[in-house]
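A.B. asks: Have a look at this one.
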């Protein structure tokens, strides 16, 4: 890990210096039309959106971005939007595990986002706050700057989603189900603070994202001398996926994509059932590492490796995607080793083009391959009516969760969700 730390630190310093050089040049660069400044896409090779006119309106609405403001001299642009998801849930927890039923009305998400460019359209920025979170350290989602040298190279610095797991990189508002799969949530690092290079080649057929992050999660300053390198590679074999899980656009031609990514990290076991990283999904109570935290000795460092393979297909209203995850951890003093894996597959189809979609998903996680009876499997079925693409939609979802238990019979929990979304 000493080599990884040294290499990671050098890479981070290089990316920051290169990005700073670009920022210094921005003030002298002529203004050109704006690239997209949305949340990170699972397909880093997605083409730029249509360019605005030479003399754009100072205030306008752009679908997918919100209300866009631009100064007359074209030196500054900001788009304002939000994502509001309100839902009703009926939860039926299995009595064999002493579960109880619940009926819940909830604001699942309320995210306010601003994005745009400053001085030069190649210098983009984004801010996003999640007001549904009650914990102060989870309100700030995104805060970053990006300098685009060319299609083949850009540098991004700040807080945002680490480039791991295709489904995680999709915006919450364009998911096919109300929530991501159980496997994705168990393995993803999600947001962190760091610096990343990204780009694409061969007409967006090949794309990459690689960066160095703090490794302790969003809004968290690391107090140990480690970093978390992450690398993501994508091959768009046919076409482009667009920015939605379902085939809302209706691809006339087959679109097919493959990807792989991975990261390494080193986390300190700080106490019973806890690591230094309190907000990392995979190290939390429901994560593949956090669930087995008590295997490791308090105070020891744990080397973590995780990787993922993925594919996605869209064609004439049909959408199919899946991901396979692996996780491995080893204590540096106890020598304890943990192996975990999980996967999901989902498919959907528009029975009424652009309006009514039906979908099904199966997700599976084996938290510890050396222990019996610790598997969780989830089946989902959903149907969505799109009033105005992903900007306004309503989804009905049913899920059944099968939880193996170390003692006693397995538990089978059920849930029904009705969710309405407004994302102008």
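The values are calculated or read from the model by the stated rules, or taken from the named source; none is laboratory data. Keep in mind that what you see is a predicted model, and the values were worked out from it rather than measured. Cβ sites come from the backbone with ideal geometry, for glycine too, and all protein chains shown count toward neighbours.
A.B. asks: Failed condition for residue 406, given (1) at pLDDT 95 or above; (2) under 24 Å from residue 186 (Cα atoms), with all others met?
C.D. replies: Unmet for residue 406, out of (1) at pLDDT 95 or above; (2) under 24 Å from residue 186 (Cα atoms): (1).
A.B. asks: Consider residue 249 against the criteria (1) closer than 30 Å to residue 319 by Cβ; (2) within 17 Å of the chain's Cα centre (by Cα); (3) in a loop (DSSP other than H, G, I, E, B): it satisfies all of them except one. Which criterion is unmet?
C.D. replies: (2)
A.B. asks: Please find, among 380, 413, the residue that is over 16 Å from residue 172 (Cα atoms), in a strand (DSSP E or B), modelled with pLDDT of 95 or more and over 25 Å from the mean Cα position of the chain (by Cα). Before the answer, list the steps.
C.D. replies: Details: 380 fails: over 25 Å from the mean Cα position of the chain (by Cα).
Every option except 413 fails the conditions.
A.B. asks: Within region 302-310, does at least one residue satisfy the condition of being surrounded by fewer than 17 Cβ atoms within 10 Å (Cβ to Cβ), within 17 Å of the chain's Cα centre (by Cα) and under 20 Å from residue 257 (Cα atoms)?
C.D. replies: Among the residues of region 302-310, at least one is surrounded by fewer than 17 Cβ atoms within 10 Å (Cβ to Cβ), within 17 Å of the chain's Cα centre (by Cα) and under 20 Å from residue 257 (Cα atoms), which makes the answer yes.
A.B. asks: Turning to a different aspect of this structure: Could you go through region 95-103 and let me know if any residue there is within 27 Å of residue 203 (Cβ to Cβ) and either in contact with a strand residue (DSSP E or B) (Cβ under 7 Å, 6 or more places away or on another chain) or modelled with pLDDT of 80 or more (or both).
C.D. replies: no
A.B. asks: If you check residue 283 against the conditions, is it in contact with a helix residue (DSSP H, G or I) (Cβ under 8 Å, 6 or more places away or on another chain) and either within 30 Å of residue 294 (Cα to Cα) or buried (at least 24 other Cβ atoms within 10 Å of the Cβ) (or both)?
C.D. replies: Against the criterion (in contact with a helix residue (DSSP H, G or I) (Cβ under 8 Å, 6 or more places away or on another chain) and either within 30 Å of residue 294 (Cα to Cα) or buried (at least 24 other Cβ atoms within 10 Å of the Cβ) (or both)), residue 283 qualifies.
Residue-by-condition table, conditions (1) in a strand (DSSP E or B); (2) at pLDDT 95 or above:
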residue: 253; (1), (2): no, yes
residue: 257; (1), (2): yes, yes
residue: 264; (1), (2): yes, yes
residue: 277; (1), (2): no, no
residue: 286; (1), (2): no, no
residue: 299; (1), (2): no, no
residue: 302; (1), (2): yes, yes
residue: 305; (1), (2): yes, yes
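A.B. asks: Does residue 133 satisfy the condition of being surrounded by fewer than 24 Cβ atoms within 10 Å (Cβ to Cβ), within 30 Å of residue 374 (Cα to Cα) and over 16 Å from the mean Cα position of the chain (by Cα)? First the steps, then the outcome.
C.D. replies: Numbers: surrounded by fewer than 24 Cβ atoms within 10 Å (Cβ to Cβ): yes; within 30 Å of residue 374 (Cα to Cα): yes; over 16 Å from the mean Cα position of the chain (by Cα): yes.
Yes, satisfied.
A.B. asks: For the subset of region 335-349 comprising residues that are surrounded by fewer than 21 Cβ atoms within 10 Å (Cβ to Cβ) and more than 19 Å from residue 288 (Cα to Cα), which member is farthest from the chain's Cα centre (by Cα)?
C.D. replies: 349
A.B. asks: Another one. Mind checking which residues of region 132-171 are under 18 Å from residue 121 (Cβ atoms) and in a loop (DSSP other than H, G, I, E, B)?
C.D. replies: 151, 152 - these are the residues of region 132-171 that are under 18 Å from residue 121 (Cβ atoms) and in a loop (DSSP other than H, G, I, E, B).
A.B. asks: Assess whether residue 225 counts as being more than 25 Å from residue 395 (Cα to Cα), in contact (Cβ under 8 Å) with a residue 60 or more places away in the chain, surrounded by fewer than 19 Cβ atoms within 10 Å (Cβ to Cβ) and touching a helix residue (DSSP H, G or I) at 6+ places or on another chain (Cβ under 9 Å).
C.D. replies: yes
A.B. asks: Pull up region 181-197, narrow it to residues that are under 11 Å from the mean Cα position of the chain (by Cα) and part of a loop (DSSP other than H, G, I, E, B), then point me to the one that is surrounded by the most Cβ atoms within 10 Å (Cβ to Cβ).
C.D. replies: Out of the qualifying residues, it is 189.
A.B. asks: Show the residue pairs that are 6+ apart or on different chains and have beta-carbon atoms under 7 Å apart, the first residue being within region 375-392 and without any contact (Cβ under 8 Å) to a residue 12 or more places away in the chain, the second being assigned to a strand (DSSP E or B).
C.D. replies: Listed by first residue and then by second, the contacts come to 387/393.
A.B. asks: Considering only region 403-424, how many residues are loosely packed, with under 14 Cβ neighbours inside 10 Å and touching a helix residue (DSSP H, G or I) at 6+ places or on another chain (Cβ under 9 Å)?
C.D. replies: Residues flagged as loosely packed, with under 14 Cβ neighbours inside 10 Å and touching a helix residue (DSSP H, G or I) at 6+ places or on another chain (Cβ under 9 Å) within region 403-424 amount to 3.
A.B. asks: Moving to a separate point now. Of everything in region 315-336, what is over 25 Å from residue 238 (Cα atoms) and in contact (Cβ under 8 Å) with a residue 12 or more places away in the chain? Give them in sequence order.
C.D. replies: Once the filter is applied, which keeps residues that are over 25 Å from residue 238 (Cα atoms) and in contact (Cβ under 8 Å) with a residue 12 or more places away in the chain, region 315-336 yields 326, 327, 328, 329, 330, 331, 332, 333, 334, 336.
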